[in-house]
Amino acid sequence: MIEAFLRPAYQKILVSPIAVKIEQKTQCSPQLITLFSCVVGCSFSLLMWAGTPLLACVLLLFSGYLDTLDGTLARLKHTNTPQGAVMDITADRLVEFSVILGLLLVNPVSRAIPALWMLGSVLLCVTTFLVIGIFSENSGEKSFHYSTGIMERAEAFCFFILMALLPKYFNPLAWTFTGLVFLTAAIRTWQFHQSIHENNSN
């Protein structure tokens, strides 16, 4: 949802010009940027454990920026490949796991149940996203069908940052996040079944 409003300006101002410069002046590959994005994002858990949530959030945002940069660079180089898509999706999930782990490590006893539900909601949502992508025709610029929803990566990052910087509100934020992620999975599944029904009717 946030991405639908902000992505055009964000892409034009912050992503595309940098991707063009990288493509023109370096031999840097999109896969290298994906790997760097993953390493930077996965540092979140260590930084939260070390008691530096602000730095953790800054690096998480930088990781998210790199995650948009790698795809743009791949399209510029005309190197969109299934291998790149697999690496990108895997890196995203590793970062999300690191974030939830980092939030848990702040107080493992009181945060264990909410963190487990957060992880479970992400698992279900990602499963619906990937399975529906397999059985849906790809009409976008990505390497696979991308179905949007209430909770996408931008929204998730907003919740993660709020949970990191406002620890006393962790529980309500975690349960709200979990509910919205489950709702996203449910709506995505319902929309897919509706589209299948409509296609069969035609």
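Each reported figure results from applying straightforward, stated rules to the coordinates on display, with no laboratory input. Just so it is clear, the model here is predicted, and its values are computed rather than measured. Here Cβ is always computed from backbone atoms with ideal geometry, including for glycine, and neighbour counts include all displayed protein chains.
Nearest 500 deg cm²/dmol is fine: what mean residue ellipticity at 222 nm does the chain get from its DSSP H runs of n ≥ 4 alone, each adding -39,500 (n - 2.57), divided by its residue count?
For the chain, the value works out to -27500 deg cm²/dmol.
Helices from the chain with mean Kyte-Doolittle at least -1.0 and a Cα length along the axis of 15 Å or more, per DSSP H: which?
Values: long enough: 30-49 (30 Å, 1.56); 53-77 (36 Å, 1.04); 82-106 (37 Å, 1.23); 108-134 (39 Å, 1.77); 153-165 (18 Å, 1.72); 170-201 (46 Å, 0.03).
Correct list, ordered by number: 30-49, 53-77, 82-106, 108-134, 153-165, 170-201.
Using mean Cβ contacts within 10 Å as the protection proxy, how do 65-75, 2-12, 164-174, 178-188 order, highest first?
Order by mean packing, descending: 65-75, 178-188, 164-174, 2-12.
Compute, for the range 2-201, the length of the dipole vector about the Cα centre, with Cβ point charges of +1 (Lys, Arg) and -1 (Asp, Glu) only. Units Debye, rounded to 20.
Result for the range 2-201 is approximately 360 debye, rounded to the nearest 20.
Quick check: Cα centre of the range 169-202 to Cα centre of the range 94-117, how many Å?
If you average the Cα positions of each part, the centres end up 23 Å apart.
Considering only lysines 8 or more places apart in sequence, or on different chains, count the pairs in the chain whose C-alpha atoms sit under 19 Å apart.
6
Using Cα-Cα distances under 8 Å and only pairs 6 or more residues apart, what relative contact order does the chain have, in percent?
Once divided by the residue count of the chain, the mean separation gives 23 percent.
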